[in-house]
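Asker: Dropping a structure here in structure tokens format, bear with me for questions.
The values are calculated or read from the model by the stated rules, or taken from the named source; none is laboratory data. Quick caveat, the model's predicted, so the values are computed rather than measured. Here the Cβ positions follow ideal geometry from the backbone for every residue, glycine too, while neighbour counts run over all protein chains shown.
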Amino acid sequence: MEYTSFKTKMMEAFRVRMYFFVSSVGFIFFILVVQLVNLQIISGREYAQKSRANMENYIPITASRGEIYDRNFKYDEKNVIIVSNRPSFNITTVPEKFKSKKKLQDTMRRVSKLLKVSYESLMQDMSNRNPWERIIIKEDVDFDTIIKIATNQNIFPNVDWEDAPVRVYNFGEMFAHSLGYIGSISSEEYKKLKSEGYKHYQKIGKSGIEKSYDRLLRGEDGYVRRIVDVRNRTEGEEVGLQPVAGNNMVLTMDYEIQRVAYDAMRDHQKGALVVLKPASGEVLALISKPDFDPNLIISKDNQKTVTDLSGDKNRPFLNRAIQSKYPPASTFKLVTTIAGLESGKVLPSRSYHCPGKYTLKGYKDHDFFCYETHGTLDLYWAIAKSCSVYFYQLGLSVGPTNILSYAEYFGLNEKTGIDLPGEISGFIPSRKWKYKTFGQPWYDGDTVNLSIGQGFVTVTPVEMVNLISGLVNNGIVYKPHLVREIRTNDNRKIIKSFKREKVREIPLSQLTIQTVKQGMRLSVTSGTSGRLGVLKVPLAGKTGTAQTRSRRKEDFSQHAWFVGYGPYEEEPEKAVAVAVLVEYGVAGAASAVPIAERIFYKLNELGYFK
């Protein structure tokens, strides 16, 4: 059958149309196949994860921080646990998981009412955070509240709960300034620590040992995988990764000594003390008054408590043992003595007469007083009786350069390096400093004041206990430290032990060392530290009364000092040094010595001197 030319043209046009139609269908089919391959094979895992994410919530499980024990820790025995943890729960949410801002606001209003937290503060906190970050709504929530939220997920969508151990400071204020406390990580801290594995929801050490050793104490968090349905109701959960508790810690501190020291300082509003083993630098006790209870300031809702404590004029957060400096007063006479003996300017037998005051001659004569009339004294008795007139004359004989040099040799112008954050250094003046600061030369009156620890010189209590340690160790000073060892979280293995670390060695002659020690011993047997003479163990000490006003006045305007050690004339390994500072304590013999007496008594009772 033959086709006309018209029919031929029609068939050709039809074939062209069919070709384009089949090609289009084929191309679309090819695209569908490619996309199917992409969805199922190439990007299958990614989309599967996204799908699971819509069905699963990953809730962090905060690791317990390591426990902290006192120095008498023994494995598999009952020990003094200074810091521990207790189980609890946090309520959290992720703002971006809500379908709308209104849904978020409505849910948070219901949650804030149930948990009794401020809705405004909660929303403000969320506005300052990444919306995909998990926000802690409330910490330390009881189990009954968790049940209410878990059984009413339709009312509280995207509101989660998580295990969150709570730090417990078992002795409250007693160890406040040595242990410190933990708190929520701030945005500034998170920026610095994010690269080290810290999470935005974690707590970190804010002060004390908690801060210095945070990386060893904090552990590694885990997470729980919680399965939800399309309505976000929990259908089940499983632990995806178990948390690993932080390492435990054994301190150099002795709970019994710390307790006695705390009780002895209880009646004094302000002050500090440090008890230390000179042969190792181990701190047995450290107290600063006033103090605070770390248990009250570790929660997320602690702002009012922290604000009140920060605004307290007595500054309870200030660790006066390492962060306050005071005129050393008569305790500094030990430095003047050392400078005089080592420079050859004086011998122990050198005598001066004390009529109760010393008159410095000059353009205008000026009287410098002693607290009583002592008569004629040699160097031993001048230390024992703390005769200022003797040391006025000794200081002028020795000269300020020698005195200042030995103050620096003992590190009274440097940080000791104690393993607590925030330590400051004392201050030792110089001729150059005075001229630069006041536009005046160094006068003899400055030397008179310097020789008895008044004027420009200031020290911290921990520096003064280091001074005594240097004398006990015949010139060697070890770095003070509060941590003895780090153990695994099951206490089976020691990860790290902290050995003594020598920080300085002052070349002192045996004559110098024995003269100073004998003078300090006389202070206990027949001098200003006489109250300590009744103890069974032989002790040596030196008192100080620091004037805090320009005028001479017998009232509560003076700080009270005591520094000393025991046993006297024993090997350094057996000795324990003590430094006590009581702000506005009238006099060293009146306020500081009785505190030292209780500490030495307890040390002897516990066998430290045997």
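Asker: For segment 421-459, enumerate the residues that are closer than 30 Å to TYR213 by Cα, touching a strand residue (DSSP E or B) at 6+ places or on another chain (Cβ under 8 Å) and part of a loop (DSSP other than H, G, I, E, B).
Answerer: GLY426
Asker: If you don't mind, another one. Is it true that some residue in segment 447-467 is among the acidic types (Asp, Glu), crowded, with 24+ Cβ neighbours inside 10 Å and modelled with pLDDT of 95 or more?
Answerer: Within segment 447-467 (the criterion being among the acidic types (Asp, Glu), crowded, with 24+ Cβ neighbours inside 10 Å and modelled with pLDDT of 95 or more), the answer is yes, since at least one residue qualifies.
Asker: Within the bounds of segment 251-268, is there any residue that is surrounded by fewer than 19 Cβ atoms within 10 Å (Cβ to Cβ), more than 28 Å from HIS559 (Cβ to Cβ) and either at pLDDT 95 or above or touching a strand residue (DSSP E or B) at 6+ places or on another chain (Cβ under 7 Å) (or both)?
Answerer: Scanning segment 251-268, I find no residue that is surrounded by fewer than 19 Cβ atoms within 10 Å (Cβ to Cβ), more than 28 Å from HIS559 (Cβ to Cβ) and either at pLDDT 95 or above or touching a strand residue (DSSP E or B) at 6+ places or on another chain (Cβ under 7 Å) (or both), so the answer is no.
Asker: Here is a further query. Specify which of the listed residues (ILE204, ILE209) is in a strand (DSSP E or B) and hydrophobic (A, V, I, L, M, F, W, C).
Answerer: On the way: ILE209 fails: in a strand (DSSP E or B).
One residue alone meets the criteria, ILE204.
Asker: List the number of the failed condition for HIS177; all other conditions in (1) at pLDDT 90 or above; (2) assigned to a strand (DSSP E or B) hold.
Answerer: (2)
Asker: Which members of segment 369-420 meet the condition of being in a loop (DSSP other than H, G, I, E, B), farther than 30 Å from GLU210 by Cα and among the small types (Gly, Ala, Ser)?
Answerer: Those that are in a loop (DSSP other than H, G, I, E, B), farther than 30 Å from GLU210 by Cα and among the small types (Gly, Ala, Ser): SER386, GLY399.
Asker: Can you tell which of ILE428, ILE452 is assigned by TED's automatic domain parsing to the domain that holds ALA579, within 19 Å of VAL398 (Cβ to Cβ) and touching a Ser or Thr at 6+ places or on another chain (Cβ under 8 Å)? Quick ask: steps written out before the conclusion?
Answerer: Working: ILE428 fails: touching a Ser or Thr at 6+ places or on another chain (Cβ under 8 Å).
ILE452 is the lone residue from the list that is assigned by TED's automatic domain parsing to the domain that holds ALA579, within 19 Å of VAL398 (Cβ to Cβ) and touching a Ser or Thr at 6+ places or on another chain (Cβ under 8 Å).
Asker: Return the residue satisfying two criteria in turn: it lies in segment 308-364 and is of a type in the set (A, V, I, L, M, F, W, C) and not in a helix (DSSP H, G or I), and of such residues it is farthest from VAL448 (Cα to Cα). Working first, answer last.
Answerer: First, the residues of segment 308-364 that are of a type in the set (A, V, I, L, M, F, W, C): 309, 317-318, 321-322, 329, 332, 334-335, 338-339, 341, 346-347, 354, 360.
From what is left, the residues that are not in a helix (DSSP H, G or I) are 317-318, 346-347, 354, 360.
On the way: PHE317: 36, LEU318: 32, VAL346: 16, LEU347: 19, CYS354: 15, LEU360: 9 Å.
Selected residue: PHE317.
Asker: What number goes with the only condition from (1) without any contact (Cβ under 8 Å) to a residue 12 or more places away in the chain; (2) closer than 16 Å to TYR409 by Cβ that ILE494 does not pass?
Answerer: (2)
Asker: Has segment 561-575 got any residue that is at pLDDT below 90 and of a type in the set (Ser, Thr, Tyr)?
Answerer: no
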